[in-house]
Every structure is written in structure tokens, then in C-alpha cells.
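Some notes on the structure that comes next.
Rule-based calculations on the coordinates, nothing more; no lab input. This is a predicted model, so every value here is computed, not measured. Backbone-built Cβ (ideal geometry, glycine too); neighbour counts: all protein chains shown.
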Amino acid sequence: MRRREFITLLGGAAAWPSAARAQPGAMPVIGFLDYRSPHAMLDRMRGFRQGLKETGYVEGETVAVEYRWSEQIDRLPELARELVRLRVPVIVTPSTPATLAARAVTTTIPIVFSVGNDPVALGLVASLARPGGNLTGINFLNNELATKGLELLRELVPAAARVAVLVNPANAMNAESTSRQAAAAARAMGLQIEVLEASSSRGIDAAFATFLRARPDALFVSGDGLFTSRRVQIVQHTTFHRVLTSFADRDFAEVGGLMSYGANVADAWRQAGVYAGRILKGARPADLPVVQATKFELVINAQTARMLGLTVPDKLLVAADEVIE
């Protein structure tokens, strides 16, 4: 069973300046900026398009989307400038790096973000209820789940003493936040922790080579767009090498990962589509409160557990929102 629950979108909004509106008779154009591969985001893009549809927009019929997929974080500023030159009325940025790149090049074009970290701490908005500028969006909190990930691993493997955490240093704010939270949680639980870093497909292979040399008892893979787009590669490592792993995104459990705990990110993309559509209709980002996840889902892949020879405690099975057989 899946449980999805985000706080209700609040309030109406006054009209955004006319530059953000489509010209009469012209099809409005949404800018879309991310650093992942579109092929890895198909399910999430369906959510985004569903959100647009809920506000009356159908891609290719009543709205066009200018996609900029960089597949490299360092290209995001260049692609963000391209969208600004196109004078799109709204830019959607479904990751922290893309959001920071877009914010750096425009203070007037509305930006709808989906980020894992606290958008106030990131300096994106003045507050969740009253964003106050040209940015608003969705906060799904996945990068604040290192503590929960370690707790789940401890429940799954009570004898675990050493745990590794995989982060992406190219996504610096997320990596720093996850590492800090994991270190604090590990101290509280009496765990030794090792931080592994990877910012490319080759880096992922190297991180697992390091893991296998040191052989900690378990692994937590942090919420990061690169890791999600490389989820098959990562899960192949964890299953082949029999690594007990907890993930921050259900996408991993769906392709064979042992266990995940996090917000429903696909629904966050749907909410981003809703907000993009509302802005096209004249809503101001400053008046659209940031939507924050309030429910999270625990997904356990029972087939993978059996393959690993692992008995999942009844306590976890009962708590799970979904058990994949």
C-alpha cells in the first residue's frame, strides 16, 4: 500500500506582472532545467505533466516545454542563461543544483523548485508560508533523512557497528547536510561511520570498490539526483556484493534495492506541474506557499531480502507502506 500526503495548496494569488503571461493566441512556454538524464526521470515526468493537466495545460497542445538536461552539474548555469534569453514565463527546477543555477541568473522570472533541503536555509525563500520573491515550490525533505536511514539499518541489522554513507560532493549542500546529520546520528547510536563520495558513474564504481575493501556492515545511499539516475548501477553493486543498504528514494526499492524511506518524490513533481500551471494563469510565486511533505513511505523489497538471506523483522514489515514481493 502506498501513502501519499502533501499539505494542501493554500490561498489564491494576485496577478504576476504581464511579462510572465503568455501573449494572446500564443502557446505559453515553460522552461525546464535539470542535471539528470531524461530517460531516468520518465515516471517523474509523468507526474509533472499530470500536474500541468490538473491546471488545464497539456504539453504539445496548450503549453510547450523547453527542456534543458545538462547531465553535468557544471553546465547548469549556461543552460539557465539560455532559458532566461528565451524569456520563458516560468522555469521549473526539480533539484537543488538546478534551482541555485536558475536563481543566480534571474530575479524576475518565476522559478518553481523541488528540493530536498530546507529552502529557507538554502536562501531560496523568506519563509515557507510567504516565499516573498520569484521562487516557490516543493520541499520533499529527502536530504534530511540520514538519521532515519541509519535507524532503519540498525533495526534491520541490530549487530551493525560500522555503516557507510554515500554522498555526491558535486551537490555540495546536500552532501554536507547529509554527512553532518549522519555523523550526529551515528554518535547517538554508537555507530562508526564512513562517508563515501561519488559524483559520476565511474565514481560510483570507485566508491563501491572502497566499500568492499573496508567492508562496513551496511550502507546508506543519500537522496541525490545523480544517484537516482544511476539507481540500476547502484542496486547492481549492492545486490551482487550482498550489501545491506537503505535508500532515501523508493525508485531504488522498485529496481531491486533492499529498503527505502522517503517522501513520494513523483508526487512532488506533480505538485511542481500544478504550481507551474498556476503561475502561467497569473499567480505570483511570492504568494504561493512552499508545499512541504508531511508523510513518508517505507518500502521493503522482500524478494531482495530473501536473495540476501535476510529475515526482515516483523516490526519493519508491519511498519512498511509497501512490501514488494
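Net charge within 12 Å of Val274 by Cβ-Cβ distance, Lys/Arg positive one each and Asp/Glu negative one each, not counting Val274 itself? Working shown, then result.
Working: positive: Arg49, Lys53, Arg270, Arg278, Lys281; negative: Glu54, Asp267.
Its environment carries a net charge of +3.
Only Cα pairs under 8 Å and at least 6 apart count here; give the relative contact order of the stretch 60-179 as a rounded whole percent. Don't skip to the answer; put the middle values down first.
Details: 144 pairs, mean separation 21.7, N = 120.
With pairs under 8 Å counted, the relative contact order is 18 percent.
Straight-line reach only, C-alpha to C-alpha below 20 angstrom: list the lysines that Lys148 could link to, leaving out same-chain residues fewer than 8 apart.
Cross-link targets: Lys295, Lys315.
Determine the shape class of the stretch 74-156: with a ≥ b ≥ c the square roots of the Cα gyration tensor eigenvalues, call it rounded for a/c under 1.5, and otherwise prolate if a/b is greater than b/c, oblate otherwise.
Working: a/c = 3.37, a/b = 1.95, b/c = 1.73.
Cα axes put the stretch 74-156 in the prolate bin.
Taking the chain as a Gaussian network, Cα atoms linked when under 10 Å apart, which of Ser95, Ser37, Ser229 shows the biggest mean-square fluctuation?
Ser37
Summing +1 for each Lys or Arg and -1 for each Asp or Glu, what net charge is found among the other residues whose Cβ lies under 11 Å from the Cβ of Val88?
Details: positive: Arg68, Arg85, Arg87; negative: Glu66, Glu82.
Combined, the nearby Lys, Arg, Asp and Glu give +1.
Compute a Gaussian network model of the chain, connecting alpha carbons closer than 10 Å, and tell me which residue from Val63, Val221, Val163 fluctuates the most.
Checking each option, the largest mean-square fluctuation is seen for Val63.
Shape of the stretch 166-256 from its Cα gyration tensor (a ≥ b ≥ c, root eigenvalues): rounded if a/c is under 1.5, otherwise prolate when a/b > b/c, or oblate? Could the numbers behind the result be given before it?
Values: a/c = 1.45, a/b = 1.20, b/c = 1.21.
Taking the square roots of the gyration eigenvalues as a ≥ b ≥ c, the stretch 166-256 is rounded.
Give me the aspartates and glutamates in straight-line cross-link reach of Lys53: C-alpha distance below 19 Å, same-chain residues under 8 apart excluded.
Once the sequence-local aspartates and glutamates are set aside, what remains near Lys53 is Asp43, Glu61, Glu66, Asp267.
Return the whole-Å distance between the Cα centroid of the stretch 251-322 and the Cα centroid of the stretch 140-211.
What the calculation gives is 19 Å, centre to centre.
Is the shape of the stretch 104-202 rounded, prolate or oblate, going by the alpha carbon gyration tensor and its root eigenvalues a ≥ b ≥ c, with a/c under 1.5 for rounded and a/b larger than b/c for prolate?
Prolate.
Just add up the charged neighbours of Pro77: K/R +1, D/E -1, any other residue whose Cβ is under 14 Å from the Cβ of Pro77.
Details: positive: Arg68, Arg75, Arg81, Arg85, Arg103; negative: Asp34, Asp74, Glu78, Glu82.
Summing Lys/Arg as +1 and Asp/Glu as -1 gives +1.
To check you understand DSSP bridge types, tell me what percent of the beta bridges within the chain (both residues inside) are antiparallel, rounded to 5.
Values: 5 of 43 bridges.
Once the DSSP bridges in the chain are tallied, antiparallel ones form about 10 percent.
Which residue, Gly133, Gly225, Gly257, tops the fluctuation ranking in a GNM of the chain built on C-alpha contacts under 10 Å?
Gly133
Given a cut-off of under 8 Å on Cα pairs at least six residues apart, what relative contact order in percent is computed for the stretch 220-325? The partial results should precede the final answer.
Working: 134 pairs, mean separation 24.9, N = 106.
Across the stretch 220-325, relative contact order equals 24 percent.
Output the Kirkwood hydrodynamic radius of the chain, Cα pairs only, in Å rounded to one decimal.
Numbers: mean 1/r = 0.0496 Å⁻¹.
Computed over Cα pairs of the chain, the Kirkwood hydrodynamic radius comes out at 20.2 Å.
Report relative contact order for the chain in percent, whole number only (criteria: Cα-Cα under 8 Å, sequence separation at least 6). Each step should come with its number before you reach the end.
Numbers: 716 pairs, mean separation 84.0, N = 325.
Here the relative contact order equals 26 percent.
Over the Cα atoms of the stretch 228-276, what is the Rg over Rh ratio if Rh follows Kirkwood?
So for the stretch 228-276, dividing Rg by the Kirkwood Rh gives 1.11.
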